[in-house]
Amino acid sequence: MFRLLPLLCVAIAPGQAQEPAPPGELIDLGGRRLHLNCAGAGSPAVIVQNGGGSFSVEWTLVQTAVESFARICTYDRAGYAWSDRGPVDDGIEEIMDDLNLLLRKARITPPYILVGQSLGSLYARAYQRRFPEQVVGLVFVEGTHDEDIRMVVDGKRQPISLLTRDQLPGAHQEYLKSVPPIKPGPPGAPPFDRLPIALQQARQWAFEKIVRDFGWLPNSLASAESWREEFTALRRQRLSADHPLGRLPLRVLERAKDSTEVWHNQQVELARLSSAGKLIRAEGSGHMIHLERPDLVAQAIREVIREVRLGK
């Protein structure tokens with residue numbers, strides 16, 4: 001079966017919460033609006049890509065720490081939290097086009113440091129692949145590897161980046177049949193209990209909404225195909241050279257709790273994308289390092305900014 005997105009394994013509370021007020025702005029892209037929340041000042045701007053089934057409010061602890069030394073912007077992809085839904089749920093091309101237009105509409109000019117958590121790291125890599133002139137640094141927080149997302153073909157789990165276009169429909173249909181139901185649970189379940197109560201409730205509302213509207217991702221063949229194409233391209237890029245991103249400043253944060261040898265090796269490979277890449281072990285943290293060890297994430301961002309400004 002498909003490798004389940006980590007955050008979507010978190011339970012939701014029954015019922016439907018009232019929509020809370022957005023902490024940021026709703027930026028009109030031309031018929032659709034996306035939620036953007038920026039704080040701090042300075043260049044390069046730090047742009048956060050949330051994980052799969054994750055939201056901008058989860059970055060409050062990191063954003064509070066980073067705004068003292070940089071401009072940091074979190075946002076919600078189409079259909080998440082306060083952002084209007086787009087034509088393809090979590091389609092790569094839509095995500096890339098939306099983010100590029102969002103930054104221009106909000107007058108957040110390059111250069112950027114992209115911070116991606118879990119699946120968001122793949123989205124950050126996808127943006128850098130398309131707009132390398134805009135991206136001067138990367139931070140991956142428990143980043144998903146381009147061979148980590150898998151589906152079953154002929155009884156064997158294979159990376160979606162190795163599937164052919166013809167293999168994908170059957171594999172995706174099998175995936176949709178195999179995903180388990182999501183069971184109720186409290187909004188303040190760890191590690192979300194580290195957020196202020198109001199933001200716990202906002203995240204719970206957003207999570208209920210995405211489960212109701214999206215279900216398990218990728219929820220359509222169109223979105224699955226967009227993932228297959230992009231992750232195939234990112235795999236090829238990774239294998240094209242010893243350090244395909246050159247000396248691009250890069251930090252990779254890996255959990256210390258409940259890790260595996262396979263996951264660790266994947267994090268090592270992500271760090272090797274750049275000759276300046278460094279792997280950081282997040283002691284005392286599981287997958288949600290931005291909630292459990294926001295200090296480490298903020299420090300990694302600070303280090304990348306310093307390297308960018310020094311021209312290293």
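The values are calculated or read from the model by the stated rules, or taken from the named source; none is laboratory data. Quantities reported herein were computed from a predicted structural model and do not represent experimental measurements. Reconstructed Cβ throughout: ideal geometry from the backbone, glycine too, with neighbour counts over all protein chains shown. Please note that ligands, DNA and RNA were not included when accessible areas were found on the heavy atoms of the full protein model with its side chains. Shrake-Rupley method; radii C 1.70, N 1.55, O 1.52, S 1.80 Å.
Panel note: the C-alpha atoms of region 219-290, placed on their principal axes, show extents of 38, 32, 22 Å (largest first). Taking only protein heavy atoms into account and a 1.4 Å probe, give the accessible area per residue of region 101-219 in Å². Spelled out: the 1.4 Å probe surface of region 101-219, per residue, equals 41 Å². Between the listed residues 60, 290, 41, the Cα displaced farthest toward the positive end of the dipole of the chain, a dipole computed from Cβ unit charges relative to the Cα centre, is found at 41.
Rounded, prolate or oblate, given the Cα gyration tensor of region 185-246, with a/c below 1.5 counting as rounded? Oblate is the answer for region 185-246, as a/c is 1.5 or above yet b/c matches or exceeds a/b. Taking Cα centre as origin and charging only the Cβ of basic (Lys, Arg, +1) and acidic (Asp, Glu, -1) residues, the dipole magnitude of the chain rounds to 560 debye. What are the membrane-span-like helices in the chain by this rule: whole DSSP H runs, Cα extent along the axis at least 18 Å, mean Kyte-Doolittle hydropathy at least -1.0? What comes out of the filter, once short or polar helices are dropped, is 92-105, 197-213, 221-239, 294-310. Across 306, 247, the residue with the most accessible area heads the list, and the full order at a 1.4 Å probe is 247, 306.
For region 17-119, the ratio of Cα radius of gyration to the globular rule of thumb 2.2 N^0.38 Å stands at 1.01. Percent of C-alpha pairs per 10 Å bin in the chain, short distances first: 6, 29, 38, 24, 4, 0.
In a reduced charge model with +1 at each Lys and Arg Cβ and -1 at each Asp and Glu Cβ, region 208-275 shows a dipole moment near 200 debye about its Cα centre.
Solvent-accessible surface of region 252-312, averaged per residue with a 1.4 angstrom probe and all protein chains in place: 46 square angstrom.
Of all beta bridges that DSSP places with both ends in region 46-154, some 0 percent have antiparallel geometry.
The share of accessible area on region 108-243 that comes from carbon and sulfur is 52 percent, using a 1.4 angstrom probe.
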